[in-house]
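Only one structure is covered here, and it is reproduced in the block below.
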Amino acid sequence: QVQLVESGGGSVQAGGSLRLSCAASGLTFSRYAMGWFRQAPGKEREFVTAIRWSDGSTYYVDSVKGRFTISRDNSKNYLQMNSLKPEDTAVYYCAAKRSNRALDVTNDYDYWGQGTQVTVSS
């Protein structure tokens, strides 16, 4: 059974930092691209960033470029979030995908975590 478990969410003031972690089990982690998505109240779930399993290439939505960094090790995926803004407030989801294609497409991911809340106050 595949499980993705996020941790590290919380409440911070604008300009602060948080580091999210996603622990994966039940899958060959090294063969899955990993992504982070977020969903704010009343909005669609949106792509934030992803990392390929094959070469470690990374992709970011424009609004987080230069502030967020995705990384991975043997069994975990990480999202370092710096210079946080109130508009970053959302539930953040970790997701895994067997293919390295279309990493920004929400519905293409095979597995999802339960989400972790990030709240940024001004």
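The values are calculated or read from the model by the stated rules, or taken from the named source; none is laboratory data. Only a predicted model underlies this, so the values are computations on that prediction, with no experimental measurement involved. Note: areas computed on protein heavy atoms with side chains; ligands, DNA, RNA excluded. Shrake-Rupley method; radii C 1.70, N 1.55, O 1.52, S 1.80 Å.
Just subtract the alpha-carbon distance of Asn74 and Thr119 from 0.36 nm times their residue separation and send over the number in nm, one decimal. Walk me through the numbers before you get to the answer.
Numbers: separation 45, 0.36 × 45 = 16.20 nm, distance 2.86 nm.
Using 0.36 nm per residue and subtracting the Cα-Cα distance, I get 13.3 nm.
Across Ala96, Ala24, Ala40, mean-square fluctuation computed from a Gaussian network of the chain (C-alpha pairs under 10 Å connected) peaks at Ala40. Given axes a ≥ b ≥ c from the Cα gyration tensor, I'd like to know whether the stretch 77-122 is rounded (a/c under 1.5), prolate (a/b larger than b/c) or oblate. Note, shape of the stretch 77-122 comes out prolate.
Rolling a 1.4 Å probe over the protein heavy atoms leaves Arg19 with an accessible area of roughly 130 Å².
Which sequence of Val105, Val12 reflects their accessible areas, 1.4 Å probe, from the largest down?
Ranked list, largest accessible area first: Val105, Val12.
3J(HN,Hα) couplings calculated from phi for the stretch 40-45 with the Karplus curve 6.51 cos²θ - 1.76 cosθ + 1.60 (θ = phi - 60°) are, in sequence order, 8, x, x, 10, 6, 5 Hz; Gly and Pro show x.
Rounded to whole Å, the principal axis extents of the Cα atoms in the chain read 40, 27, 26, largest first. Evaluating 6.51 cos²θ - 1.76 cosθ + 1.60 at θ = phi - 60° for every residue in the stretch 109-121, the Karplus couplings come out as 7, 8, 9, 9, x, 8, x, 9, 7, 10, 10, 10, 9 Hz, glycine and proline recorded as x. Between Thr106 and Ala23, the contour length at 0.36 nm per residue exceeds the Cα-Cα span by 27.9 nm. Here the stretch 69-122 and the stretch 36-58 have alpha carbon centers that stand 5 Å from each other.
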